[in-house]
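Below you'll find the structure, written out as C-alpha cells, and then a few comments.
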Amino acid sequence: MGRAFEFRKERKMKRWAAMSKIFARLNKDIILAIKEGGGIADPDTNARLRAVLQNCKAANMPKDNVERAIKKATDKDTSDYKEVTFEGYGPHGIAVYVETATDNNNRTVANVRSHFNRGGGQLGTTGSVEFMFNRMCFFNVQDNGVDLDDLTLELIDVGAEEVERDEEVGSEGEHRAEGGLEGAAALVGELDGVAEAVDAPERSASLPLPLLLLMLLL
C-alpha cells in the first residue's frame, strides 16, 4: 500500500482512539447527570444534563451514542456509577486531586493506587489535599454582539466569579466566564437566555502552582 497509506492509517487510528476515550467519558457524564438529577432525562429540567449534551455536541459525539447513553441511564438494571475522589502526593510533594466516575470502587482504588506508585507518589487520606483546591466551572461564550459589561452583571447575579474576553480567539471573539461548580446549573440557565455557550461547562479546579490536578475516569 505504501508508506503514505500507513502514515494516514496510523494518524486515523490515533484520532479514533482519542475520540473513543472522549466518548466514553461523556457517556459516563450523561449517566451521572441523569442519576443525580433523580432519573430525569429531560435537558429542559435537568441543567447538568443540558450542559453535558452541549459538551457532546462540541465533541461531535454521534446522536445514536447520546441516545443510547440516555436510555442506559434510565434503565433500572444499569450499573450505578458514582463519583469518587482520591487525594495524594506526586513526586516532590506535589498535591494531586483525582476525580473518578466508577461502578466498581475496589477496581478504581487499585487502579488509582497503581498510577501513584508508578509515578513515584503515594495515595493519601481523605482531606489531606482537598483544602488546596477549588471546584470551578468554565464557560466559553460566543460574542454574537453581546456587551461584556451587561453579560458580566447578569452572570455575577447567578454566581459567576469572573467574566472576561478571550483575546486568543479569532475575529469573532469569545467571552470566558468562571464560577463555583455548585453554581453551574444556574449559569447554564442564564446563558441559555443570553448567549450561545460553547464547550460548557468545563469542570476543573483552580489551584496555586505548583499544585497539580489529575482527572481520571476509570
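The values are calculated or read from the model by the stated rules, or taken from the named source; none is laboratory data. Everything quoted here is computed from the prediction, not taken from an experiment. Cβ sites come from the backbone with ideal geometry, for glycine too, and all protein chains shown count toward neighbours.
List the residue pairs whose Cβ atoms are under 6 Å apart, where the first residue sits in the stretch 52-64 and is in contact (Cβ under 8 Å) with a residue 12 or more places away in the chain, the second is part of a helix (DSSP H, G or I) and not hydroxyl-bearing (S, T, Y), and the two are 6 or more positions apart or on different chains.
V52/D29; V52/I30; V52/A33; C56/L26; C56/V66; A59/I22; M61/F23; M61/L26
Just for the stretch 126-160: of the residues that are of a type in the set (D, E, K, R) and assigned to a loop (DSSP other than H, G, I, E, B), which one is surrounded by the most Cβ atoms within 10 Å (Cβ to Cβ)?
So, considering only residues that are of a type in the set (D, E, K, R) and assigned to a loop (DSSP other than H, G, I, E, B), the one surrounded by the most Cβ atoms within 10 Å (Cβ to Cβ) is D143.
Among what's in the stretch 170-186 and is within 15 Å of Q142 (Cα to Cα) and at pLDDT 75 or above, pick the residue that is nearest to the chain's Cα centre (by Cα).
E178
What residue, of A177, A184, is surrounded by 13 or more Cβ atoms within 10 Å (Cβ to Cβ) and assigned to a helix (DSSP H, G or I)?
After ruling out the rest, the residue left standing is A184.
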